[in-house]
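Undergrad: Dropping a structure here in structure tokens format, bear with me for questions.
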Amino acid sequence: MQSDASDAESNDAIEYPKKRLKLVDISLEVSDGDVTMATQLVLTGRGYTEIDTLESCKSLKKLVLLDNKLTKLAFVEMNHGLCWLGLAKNQVRRISCLDNLSSLAVLDLSDNRLTKIEGLSGLTGLKALILARNRISSLEGISQKKNAALETIVLSHNRLAECRVSNFPNLKKLSMGNNLFHAFPVLNKLPALTELRLNGNKIGAIPSVKFLPKLSIVDLGNNLITLLQNVEPLNELFWLKSLNLMGNTVEDDQEFNAFVQALPKLEILDNQRLDGKRKKRQGIDFGNVEGSDNVSDGASGWGSEVRGEGRGKASGRGSGWSEGKGSGRGGGAGHEAGRGRGRGGSSIAAGVEVAVAFQGKRAVFEDSDQEVVSKTGDSGGIERKKRKAPLEDASNAPHTAEKKKKNEKAQPVDSSPAGGGVLAKKKKKKKIA
């Protein structure tokens, strides 16, 4: 941590040659040279120190200027429709000129020179705030009222020694690893929080966490937790699925294994799947997961890069990124480890469209409420759902019977022997007798 700070301070003394991005330069970067219609602009590692106002880029939604030498943000002040602003690895010292960007959902200012959080009061639609690897020592500047839409806050590798985070009803991920915490931060009224990362601090004990009902990922690796009783409050987390305590001497305790076995939903410990607790739940197999950043949970679903196989509640095969048994007849296909729902249904979360490649004739589909069918049958695809013939209306039944009788009466009967009619057959029987 000290080496990172010294490197950052040494970079402050460096003077970079000036390089300005002009509007005419932007016209060369977009199709047809029409900057007014450009919706996305990505200019990485160009060495820009200044940028002309982007007010003419009226359709701009996403702007990424990674790894440049920018110090100010005034060039986006009039881009009211901007949704994504990525300015990681620049030289920004203050967050300013963003008051008009009420549509901004993602702000990434990691790897800059920020010392405090400010200038966010106008970002009422902000969902992800990424300020990792700066010099921030306080959370003042993040408002519960004006930034109530926040779902992700990343403040790892800063200088936070203590903080209080409360009254953020939509917050799902909070990352404050590699700071200066000596005690667990105060976390209150965070009903949606699913992921908490506090690795690389000097925390010695965990307080009661029963007020975090949905917390499922906890990273406390490389802290100073030595006693088993100091992690026992984790028993209050019914949905805890992933726990990292690597680098803490508490794992040397003789009772630690029993403590882990008592956690009802735990599936990953220290970034490794628990072999002794293979979950039968919906056929998920996480395999080996290396690195805390590779594990995704909460709203986004588990293990996006993991393949596995398991069994569901009933017969039927699933096909997708991971193969497994479906939980209903037919099979499932999609994002979440081959889980099928309903008959021939899909396991993809609602509202998400995912393209899946099949081995059969149907190559790609988009998930929807309607069922998707494939002719692959038992070869691993989704079985075609059989449709029943439409039932006849009971009220029309008498009319149908009468119609049949009329048709029978209308048919002429050939009574001659040559015609083979019914009367001819009866006459033949009499003659034989």
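The values are calculated or read from the model by the stated rules, or taken from the named source; none is laboratory data. What you see is a predicted model, and the numbers here were worked out from it, not measured in a lab. Ideal geometry is used to build each Cβ from the backbone, glycine not excepted, and the neighbour counts take in all protein chains shown.
Undergrad: Can you tell which of Leu63, Leu54, Leu82, Leu104 is assigned to a loop (DSSP other than H, G, I, E, B), in contact with a helix residue (DSSP H, G or I) (Cβ under 8 Å, 6 or more places away or on another chain) and either under 26 Å from Leu171 (Cβ atoms) or modelled with pLDDT under 95 (or both)?
TA: Numbers: Leu63 fails: assigned to a loop (DSSP other than H, G, I, E, B); Leu54 fails: either under 26 Å from Leu171 (Cβ atoms) or modelled with pLDDT under 95 (or both); Leu104 fails: in contact with a helix residue (DSSP H, G or I) (Cβ under 8 Å, 6 or more places away or on another chain).
After applying the criteria, what remains is Leu82.
Undergrad: I need every pair where a residue in segment 9-35 that is assigned to a loop (DSSP other than H, G, I, E, B) and surrounded by 10 or more Cβ atoms within 10 Å (Cβ to Cβ) has its Cβ under 9 Å from the Cβ of a residue that is among the aromatic types (Phe, Trp, Tyr) and at pLDDT 90 or above, sequence separation at least 6 or different chains.
TA: Correct list of pairs: Lys19/Tyr48.
Undergrad: I've got another one for you. Would you check which residues across segment 185-199 are surrounded by fewer than 21 Cβ atoms within 10 Å (Cβ to Cβ) and either touching a His at 6+ places or on another chain (Cβ under 8 Å) or over 15 Å from Trp239 (Cα atoms) (or both) and list them?
TA: Scanning segment 185-199 gives Pro185, Val186, Leu187, Asn188, Lys189.
Undergrad: (1) at pLDDT below 95; (2) of a type in the set (D, E, K, R); (3) under 28 Å from Glu151 (Cβ atoms): which one isn't true of Asp111, the others all being true?
TA: Here Asp111 clears every test but (1).
Undergrad: Of everything in segment 48-80, what is out of contact with any Ser or Thr (no Cβ under 8 Å at 6 or more places or on another chain) and farther than 22 Å from Leu131 by Cβ? Give them in sequence order.
TA: Glu50, Asp52, Thr53, Leu54, Glu55 - these are the residues of segment 48-80 that are out of contact with any Ser or Thr (no Cβ under 8 Å at 6 or more places or on another chain) and farther than 22 Å from Leu131 by Cβ.
Undergrad: Among the residues of segment 227-238, is any in contact (Cβ under 8 Å) with a residue 40 or more places away in the chain and surrounded by 15 or more Cβ atoms within 10 Å (Cβ to Cβ)?
TA: There is no residue in segment 227-238 that is in contact (Cβ under 8 Å) with a residue 40 or more places away in the chain and surrounded by 15 or more Cβ atoms within 10 Å (Cβ to Cβ).
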